[in-house]
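Data first, discussion second: the structure below is written as structure tokens.
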Amino acid sequence: MEEKIMLCHKKLRTHVKINCDACGKEFWQPKFRFLLGKHHFCSRKCIAVFDKQQRVKLLCATCGKEFAKAHNRLKHSKSGIHFCSRKCKDKAQRISGRVEIMPAHYGRGHGISHYRKMALDKYGKVCAHCGYHEYEKGLEVHHIDGNRKHNTLENLIVLCALCHCLVSHKILYIIDRKLIKK
């Protein structure tokens, strides 16, 4: 390895002659930098070319599109599943998405959306007392025993906001899944 003392940043430093890892061209580099680095490049363009060559080709887990990712970024995925964009990752994390990356409360735990969805699917999107069905967001799911952590279907009943208010203020009572006036 050829060495030479050259002026670098207003200081005399020892330089070594080496070959660029991307293009193979010979160039002079300060010896301290040579001893530190794993790869040596003659220009920023060569760094970009080398990085592009080091990328790993993957398939998006949502849309199936092929994309490239730097090999050192692969370890950032906790599940080992990779996506071409944030949009695809968000789509996969929805309640109807991939189970492997879904948070525990998405459709499997005691989450609010879980028991509501279960009750509306089982009993229909209609109030059990008055029959209201025009606007789904106007429907609420009531826990018959009052325990919000007891989310079994037998403990849930679909009510419109008005009927739910009447049950909560004990003007209507639920007996055998039917509402009875006081």
*Residue check for residue 41: out of contact with any His (no Cβ under 7 Å at 6 or more places or on another chain), in contact (Cβ under 8 Å) with a residue 12 or more places away in the chain, crowded, with 16+ Cβ neighbours inside 10 Å and within 30 Å of residue 114 (Cβ to Cβ)*: no
*Need at least 2 residues that are under 27 Å from residue 94 (Cα atoms) per element, so show me which strands (runs of 3 or more DSSP E) inside region 110-182 make the cut, counting only ones lying wholly within it.*
139-143, 156-160
*Among (1) over 30 Å from residue 102 (Cβ atoms); (2) in contact with a His (Cβ under 6 Å, 6 or more places away or on another chain); (3) not small (Gly, Ala, Ser), where does residue 47 come up short?*
(2)
*Name the residues in region 55-75 that are surrounded by fewer than 16 Cβ atoms within 10 Å (Cβ to Cβ) and more than 21 Å from residue 97 (Cα to Cα), would you?*
55, 56, 57, 68, 70, 71, 72, 73, 74, 75
_Within region 148-182, considering residues that are over 41 Å from the mean Cα position of the chain (by Cα) and among the basic types (Lys, Arg), the one nearest to residue 119 (Cα to Cα)_ = 178
*Go through region 149-167 residue by residue and tally those that are touching a residue at least 12 places away in the same chain (Cβ under 8 Å) and loosely packed, with under 13 Cβ neighbours inside 10 Å.*
2
_Conditions (1) modelled with pLDDT of 90 or more; (2) touching a Ser or Thr at 6+ places or on another chain (Cβ under 9 Å): number failed by residue 143_ = (2)
*For region 15-54, what are the residues that are within 30 Å of residue 84 (Cβ to Cβ), charged (D, E, K, R) and at pLDDT 85 or above?*
21, 44, 45
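The values are calculated or read from the model by the stated rules, or taken from the named source; none is laboratory data. Since the model is a prediction, treat every value here as computed from it, not as a measurement. Virtual Cβ from ideal backbone geometry, glycine too; neighbours counted across all protein chains shown.
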